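A.B. asks: Sharing a structure below in structure tokens format, with a few things to ask.
Derivation of every value follows stated rules applied to the coordinates shown; laboratory data play no part. Keep in mind that what you see is a predicted model, and the values were worked out from it rather than measured. Here Cβ is always computed from backbone atoms with ideal geometry, including for glycine, and neighbour counts include all displayed protein chains.
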Amino acid sequence: MTRRLEGTVALVTGASSGIGEATAVALAAEGATVAVAARRRDRLEALVERIGNDAEVLVIETDITDEASAQAMVDSTVREFGRLDTLVNNAGVMLLGPIVDAPVEEWRRMIELNVVSLLHATHAALPHLLRAAETDPRRVADVVNVSSVAGRVARLGSGVYNTSKFGVVAFTESLRQEVTRRHVRASVIEPGAVMTELATHNRPEIIETMRANFGQMEMMRSEDIAEAILFTITRPRHVAVNEILIRPTEQER
């Protein structure tokens, strides 16, 4: 039986853990040839073993906050596999806390990774995605941007993270309007609380606050979000899933 993404090529950023890792596994299981990009090569090589020997996987160790590196990531994928059908912009960081007296280097890190790197990767990928949308096997291509429920609702202690994720949502919708008639679908996924490394990058006092807010909640797994991304990508050519907001059942806001 033919797998749904057979003959296509996907590039996943932030693939060394969490949602990116789970997404790469899910896409490969459906027959996609996958390029996985992140800064931690050892984690990417472990991911290749997890995906299995029968799948083609390209490991790209990179920091895509640098424009030239983002371009090289896309170029390497196309040079290795001959095309690009799907870009999953998953790389990101969540650094929470008050705006007053905030360490501004945290703000810079979030904007560079959550927004600027996504812009670089998308800009580099679009010519190839537009070409893929004109060819078999699917005659459609996808940009899937991982935002957050924080891209929907601004909250106390989350101001700059909100800024970055609202920006992802806005960019995705504008891009969608620009390329949708050319059968490149731009979609945004907005997860609520997911059990990943994301929270561990915060300062200790912020982690304690997060534990108090979410510690008793049954959180989602990375695989839950990967399933939503896979659903989005595998729709028929005439169907575009523009936006998915997905929360744990117990999460109120």
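A.B. asks: Please state, to two decimals, what the Cα-based radius of gyration of region 9-246 comes to when divided by 2.2 N^0.38 Å (N = residues).
C.D. replies: 0.97
A.B. asks: Assuming R0 = 45 Å, what is the FRET efficiency of residue 2 and residue 211, from their Cβ-Cβ distance, to the nearest 0.05? Intermediate results must be reported in sequence, preceding the final value.
C.D. replies: Working: r = 46 Å, r/R0 = 1.02.
Plugging the Cβ-Cβ distance into 1/(1 + (r/R0)^6) gives 0.50.
A.B. asks: Give me the one-decimal nm value for the distance between modelled label points at residue 49 and residue 105, 7 Å along each residue's Cα-to-Cβ direction.
C.D. replies: Going from the residue 49 label point to the residue 105 one covers 3.4 nm.
A.B. asks: Give me the distance between the Cα centres of region 71-132 and region 44-69, rounded to whole Å.
C.D. replies: Value for the Cα centre distance between the two parts: 15 Å.
A.B. asks: Based on Cα positions only, what radius of gyration and what Dmax would you give for region 108-253, in angstroms?
C.D. replies: 16.5, 52
A.B. asks: Still on this structure, please answer the following. Assuming 0.36 nm per residue, please report the length gained on full extension of the stretch residue 83 to residue 245 beyond their Cα-Cα distance. Please list the in-between numbers first.
C.D. replies: Details: separation 162, 0.36 × 162 = 58.32 nm, distance 2.98 nm.
Here the answer is 55.3 nm.
A.B. asks: If packing is taken as the average count of other Cβ atoms within 10 Å, what order do 29-37, 123-131 fall into, highest mean first?
C.D. replies: Going by the mean number of other Cβ atoms within 10 Å, highest first, we get 29-37, 123-131.
A.B. asks: What number comes out for the charge environment of residue 226, summing +1 per Lys or Arg and -1 per Asp or Glu over other residues with Cβ under 15 Å away?
C.D. replies: Value of the local net charge: -4.
A.B. asks: Another question, if that's okay. Sorted from fewest to most neighbouring beta carbons within 10 Å, what does the list 120, 238 look like?
C.D. replies: Numbers: 120 22, 238 7.
Ascending number of Cβ neighbours within 10 Å: 238, 120.
A.B. asks: So if we plug the beta-carbon distance of residue 153 and residue 235 into 1/(1 + (r/R0)^6) with R0 = 25 Å, what FRET efficiency do we get, rounded to 0.05?
C.D. replies: 0.40
A.B. asks: Mean-square fluctuation check for the chain, GNM, Cα pairs under 10 Å: which of 54, 224, 63 is largest?
C.D. replies: 54
A.B. asks: Report the local net charge at residue 195: Lys and Arg +1, Asp and Glu -1, summed over other residues whose C-beta lies under 14 Å from its C-beta.
C.D. replies: -3
A.B. asks: Which of 211, 181 has the fewest other C-beta atoms within 10 Å, and how do the rest follow up to the most? Don't jump to the answer; show the numbers that get you there.
C.D. replies: On the way: 211 11, 181 7.
Lowest to highest Cβ neighbour count: 181, 211.
A.B. asks: How would 73, 110 line up from fewest to most surrounding beta-carbon atoms within 10 angstrom?
C.D. replies: Final ranking by Cβ density, sparse to dense: 110, 73.
A.B. asks: Computed over the Cα atoms of region 165-213, what is the convex hull's projected area averaged over all directions, in nm²?
C.D. replies: Seen from a random direction, the Cα hull of region 165-213 projects 4.5 nm² on average.
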